[in-house]
Structure formats: structure tokens, C-alpha cells
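Before any comments, here is the structure.
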């Protein structure tokens, strides 16, 4: 899968001009090598390793299997939601409402369970609610042509409000032991918590769809240039509609997972989660304007954030203050590629300028000689 | 191809279509009409809705949101959005309360410091968006949590209570000028100032130009990024004023003050006809939008509907407003297209 995942991102940062330089000037080869090493996923893997090293030096328990499963479990819902969110952002849209859908799902689950319905009935009902919520987002954002930012800001309030209406301020607990075991327990013989299975399966499936099928190619096309995609026969609206439905469904599933892990269902579940979800997606190298990104990057970013949160917790830093770190990380993950791009084009210009005789061509106009 | 269909339309505009178009062009007027109808409806069921004390309460609270919404409107007109306003309001409210409770500064200096802090936070947003070229949604989602984190860092678990503040400080919340609540006067003054800036100054016209077509604005020689920076800075300034007002109104402030207020602020703009597509809208609309949301909240309390409905209704209001915007935009484009062809 590795090779396939790297293809779309690689084509985005085209190394071709640097390779041409490589035949001539020795510095050109340097640029090419730096360009290849500076692949976002590689960079992210180094950051992750650095954080693991930092965590291990902070506390002796960091590298224990028990801590590893805690570290994953603490953010597993966020990671699960980040996967469909990555697809939505690649397609050039955004869904801010997922955190409220987590709350609505938990509320509906708690309400149905408290009303005496068994979980085998309640959970499918919750998933239907999630899909319907996603459908609402999708219909408004694609068919009515409204900007997804405002639509999902509206449903962010709507879903949270409905969650409060359904369950009120109470919390529902006393779920059957198997349900809690799913949330707390680990897969026998491994330190991996059960919900990680959902994350892993989803990552594999969505990774394959995005990087290995025509659906993924159409998605990238739609994100890069809607008009061009539409003219080449991509049914952009229908595809985005399905993505929103998927995001709603997965967010509801994450709400169920959260209820299982906390052994309690509350209307305020998932509050503030959107920030972390979007941070994971953008840190994973998905372009906020759409058209570029890999699931591998998102998975790496998920582990990075999990380790970072855990390391901060081991260093006794309050969770509210961790939000500063996440906010900074979010901004940095968008700033760095922009700066790198500017640096690269400045370097290209400088190299070209050296070879050309004192150019009359201004820096703005890239006239081809 | 569709020439026939298009040109046939405006020849005989139905009454309904004309009504929709007129209402769309004058969102402020139609919002007022809706508010009066709604007020009448609620007043029939609960006459105390129209009492002076109730109206004072509604307008005072709405004034805080209106001040923040005026700043937000500026940013939205430039085709950006500032999600961090609620953290700015919360941080300013706490810092001012903390300064006053520790008696480090006098009341006027503390208020000035709070407003200045808002301006600085807005300038940080502007810097990240305009200079570092981070899309506004990402930048302000980041600063939303950064500013709130700083708030927690400063406050820890503690809160500043009413009794720690200088006596008489919070009286401003109930003060009136000629029978009009002071907060309403402040909101109207700020609304007027920003409204004049938008209509009469070069910067104001540039704000609209940048929002309706950034590329064209750049070609015309407008320094787009500077304008966007200015809009964010002013938005921070307004949020700073709103933060000071928030602190005065609620008296007791902790690190979670104003959590979730951004929805009301953005909703006020959207309802008031500040198009999220950028380039159009007025601050009067944003102010009326804030008043409208305040009325709804109050009406819920008066007709004894659970407050839990409030957030859901805010959501519906936002969705309805953008949907109306989109419909009107489409109609307008169609009729303009037909007119220029005919």
C-alpha cells in the first residue's frame, strides 16, 4: 500500500525541475534529495520518533504496554473521525459538525438504552441517525450549493441542541459489561484497545479507496479543480453527498465507542473534538484547499497526536493547556508547507537567476525563454 | 440555450418573486418585520414579554453579542471568518476582572487594557491569516483553542467573583441614559462608527472590494492582505469591547466564560444578511441579527420552553438564513443576467 499512497502526494510536489538541474549543477542534486526527504510523511515519522524518545525520557512508564494502550484509547474516537474527514477535506469541503454528532449519537444511545431497548437495537438506530445527519449536511452543502463551512456550523449547533433535547443534562450509565469491555479492554495478547480495530479497518479501507481506486482519483480531481472534474464526468455533488453521509455515520460510531469507553452516555460528549480532528487531518499533510493528502499521513498524525497528548499528560500538563499545543500544531501544519513552497520557489528563482544573464524578467512574471 | 426561459422570466415577475427579491435586498427591514411579528405572537401568549424590564434585559444581553457581531461582519465581508472571538471575549473578560480584583490598575485603565488585549489578539489572527497565509478557518480554529488555553493557564481553576470587583463597577450593566440601557448605547455607537467606516472611508470600500473579488481587488492596486489584516484587528477590538461588557454583565468570571458564544456571533451575522460568500452585508444587519437571536432566547424562557431547545434553534436559524441567502443570490443573478441580456 505504501507505494500507492505516496503517488498522489508525490505528483503534487513535482521534483522534475530539480532533476533537470541535477544533470548540470551539483547544487541541483542537493535540492532534489532534500525535496525527496522532505516528503511530509517522512518528516512526520521523524517527529513521531522524536516524541516517543521525549516521552521515554520523561517517564519510565511511557514505553510500557499499558501506557501504549492508554495512549491510543485516549484519542481513538478522534482518530476514527479523522479518516472520513480527510476524504472530505481532500474533496475540498469541511465538516465542523462531527463533534456534535458524537454527542447526538451518545444521547440517542443513552436515551434508547434507558428506555429499555437492548443495545443490539439501539446501536443500529444510532448509526441511522448519524447517516441522516450526514445526509442533511450533504444535501445542504451539495444540492443547495451552500458553503459547507456555514452549513456544518449550523448543524454543529443543531445536533448539539438535539442531543440536549433528547437526553437533557443527565448521564446514562449501567451499560452491559460486554459493552464496557469493548471500550476498556484490549485485544488479547496485544496492547491494542478493541476500538483500534475500527480505526485500523477504516484506515485500510479508506486508504485503498482513496489511493487505489477510481473513486479516489475522482476525489482528488474534484478537490483540485471542481470545474475540470465535472467536465470530465465526475459526479462531484453525488460523491460529496456520500462523503458527508459517511462522515455522519462514522461520527455516530465514534459516539458509541466514546460511550463504551467512558461507560456513560452524555449529551455533551465530544465537545471541542473538531479541533483535534482537523488538526490530525492537516498535520497528516492533507491540503486544506483540497486535492492533496494521504491516509498514511493521517494515520501517522493520529499516532503523533496520541503520543504528544500522552507525553504532556505524563509531564503533568493540564488538558486545557494541551489545547494550546494542539492549536499551535494546527497552525504550524499549514504554515510549514506554505513556507517550504515559498522557500523552494525562491531557491529555484535564485538558481535560474544565476544562470541567466542579469534578467530583465521581474520576479512576478515567469516568462519562458 | 436557456435564453428564452431566462428572458421570459422578468417580463412577468410574480408578486411572490418580487416580494422575495425585495425582502432579500432589504434584509434589515425584513428582519425587523419578522421580529415585530414574532414579538406580537409571544406577547399575545405572555404579555410580560413587552414589559420595560424584560425588554431592557433582552437588549442589554443582545448588545454584547451585537458588538462582537459587528467585528465579525467586517471579517466575513472580506470572505474570511473568525472563530476565535469567543475565546477573545472570555480571555479579555477574565483578564480585566483579574486586574480589577488585584487592584493593579484603576477601572478606566483596566478597561483600556482589556480592549487593547482584544486588539492584539485580533492582530495575531490577522497576522496568521494575511501574512502567514493560513486559511482563516484553520487559523482561527487554532487561536480559538490557543486563547482559551491561555485563559486556563492564567485562571487555573479559580474564578473572580462579583465581590472582589471594585464596588459600582458592574453597575454599568444596569445603568441607563435617558431610559436607554447603557450597553445598548455603546452597541449603537460602535455600530455607527464601524458602519461609517465601511460606507464612507476608503478602507471600508476596500473591505467590500476584497470580499467580492480578491483577484480584481489586487489588480486594482488594493493591498488585499493589509485590508484583511485590518478587518481581523478591528474584529479583535470589537471582541475586546464585548469581553469587557461580558465581564461587567456577568460579574463572576472563570476560564470558561463565553464558551460557545461564537455560534451566536456568526449566527447574528448570517441572519443579518452578511453573506458568507463575502462582499456584501451591513453592520446594521449584524446588530439586528444579534437582537433577533436575543429575542428568540428570551421568548423561549417566557413561553417556558426548555433552554435545551435554544442551541438547536440557533442551528436552524443559521441554516435557514444561509438557505435564504443562496436562493436570493440565485434569483438575483438570474434577473441581473436577463436584464443585461435584454
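Only one of these conditions is not met by residue B:177: (1) away from every other protein chain (no Cβ under 14 Å); (2) surrounded by fewer than 21 Cβ atoms within 10 Å (Cβ to Cβ); (3) within 20 Å of residue A:320 (Cβ to Cβ). Which number is it?
Tallying (1) away from every other protein chain (no Cβ under 14 Å); (2) surrounded by fewer than 21 Cβ atoms within 10 Å (Cβ to Cβ); (3) within 20 Å of residue A:320 (Cβ to Cβ), residue B:177 fails exactly one: (3).
With modelled with pLDDT under 85 and closer than 25 Å to residue B:160 by Cβ as the only criterion, which of B:240, B:260 stands out?
When all the criteria are applied, what remains is B:260.
Residue check: is residue B:332 over 27 Å from residue B:91 (Cβ atoms), touching a residue at least 24 places away in the same chain (Cβ under 8 Å) and either within 8 Å of another protein chain (Cβ to nearest Cβ) or surrounded by fewer than 17 Cβ atoms within 10 Å (Cβ to Cβ) (or both)?
yes
Filter region A:95-109 down to the residues that are within 24 Å of residue A:282 (Cβ to Cβ) and part of a helix (DSSP H, G or I) and list them by number.
A:98, A:99, A:100, A:101, A:102, A:103
Can you find even one residue in region A:65-84 that is touching a helix residue (DSSP H, G or I) at 6+ places or on another chain (Cβ under 7 Å), more than 20 Å from residue A:257 (Cα to Cα) and in contact (Cβ under 8 Å) with a residue 12 or more places away in the chain?
no
Could you please tell me which pairs satisfy a Cβ distance under 7 Å, a separation of 6+ or placement on different chains, a first residue in region B:303-326 that is more than 18 Å from residue B:42 (Cβ to Cβ) and more than 7 Å from every other protein chain (Cβ to nearest Cβ), and a second residue that is in a helix (DSSP H, G or I) and at pLDDT 85 or above?
Pairs that qualify, where the first residue is more than 18 Å from residue B:42 (Cβ to Cβ) and more than 7 Å from every other protein chain (Cβ to nearest Cβ) and the partner is in a helix (DSSP H, G or I) and at pLDDT 85 or above, are B:321/B:270; B:321/B:271.
Assess whether residue A:257 counts as being surrounded by 19 or more Cβ atoms within 10 Å (Cβ to Cβ) and assigned to a helix (DSSP H, G or I).
Against the criterion (surrounded by 19 or more Cβ atoms within 10 Å (Cβ to Cβ) and assigned to a helix (DSSP H, G or I)), residue A:257 qualifies.
Taking the condition closer than 23 Å to residue B:288 by Cβ and at pLDDT 85 or above, does residue B:61 pass?
yes
Being within 7 Å of another protein chain (Cβ to nearest Cβ), farther than 19 Å from residue A:280 by Cα and in contact (Cβ under 8 Å) with a residue 24 or more places away in the chain is the filter here, so list the residues in region B:124-150 that pass it.
Within region B:124-150, B:148, B:150 qualify.
Which pairs turn up if I take residues in region A:243-266 that are touching a residue at least 40 places away in the same chain (Cβ under 8 Å) and look for partners that are surrounded by fewer than 24 Cβ atoms within 10 Å (Cβ to Cβ) and not in a helix (DSSP H, G or I) with beta carbon separation below 6 Å, at least 6 apart in sequence or on another chain?
A:263/A:173; A:264/A:171; A:264/A:173; A:265/A:172; A:266/A:171
Here is a list: B:272, B:279. Which entry is more than 13 Å from chain A (Cβ to nearest Cβ), within 20 Å of residue B:28 (Cα to Cα) and buried (at least 24 other Cβ atoms within 10 Å of the Cβ)?
Criteria check complete, one pass: B:272.
Based on what the data block shows, is residue B:111 farther than 23 Å from residue A:329 by Cβ, part of a helix (DSSP H, G or I) and at pLDDT 95 or above?
no
Any residue that is more than 14 Å from chain A (Cβ to nearest Cβ) and either part of a loop (DSSP other than H, G, I, E, B) or in contact with a strand residue (DSSP E or B) (Cβ under 8 Å, 6 or more places away or on another chain) (or both) - is there at least one of those in region B:68-90?
yes
If residue B:253 satisfies all but one of (1) crowded, with 17+ Cβ neighbours inside 10 Å; (2) within 17 Å of the chain's Cα centre (by Cα), what's the number of the condition it fails?
(2)
So which of A:247, A:259 is within 30 Å of residue B:157 (Cα to Cα) and more than 14 Å from chain B (Cβ to nearest Cβ)?
After ruling out the rest, the residue left standing is A:259.
If you take just the helices (runs of 4 or more DSSP H) that sit entirely in region A:110-191, which of them hold at least 1 residues that are within 14 Å of another protein chain (Cβ to nearest Cβ)?
Helices (runs of 4 or more DSSP H) meeting the threshold: A:119-138, A:148-167.
For region A:312-341, which residues satisfy the criterion of being away from every other protein chain (no Cβ under 14 Å) and either surrounded by 23 or more Cβ atoms within 10 Å (Cβ to Cβ) or in a loop (DSSP other than H, G, I, E, B) (or both)?
Scanning region A:312-341 gives a single hit, A:315.
The values are calculated or read from the model by the stated rules, or taken from the named source; none is laboratory data. Since the model is a prediction, treat every value here as computed from it, not as a measurement. With ideal geometry, Cβ positions are generated from the backbone for all residues, glycine too; neighbour counts draw on all protein chains shown.
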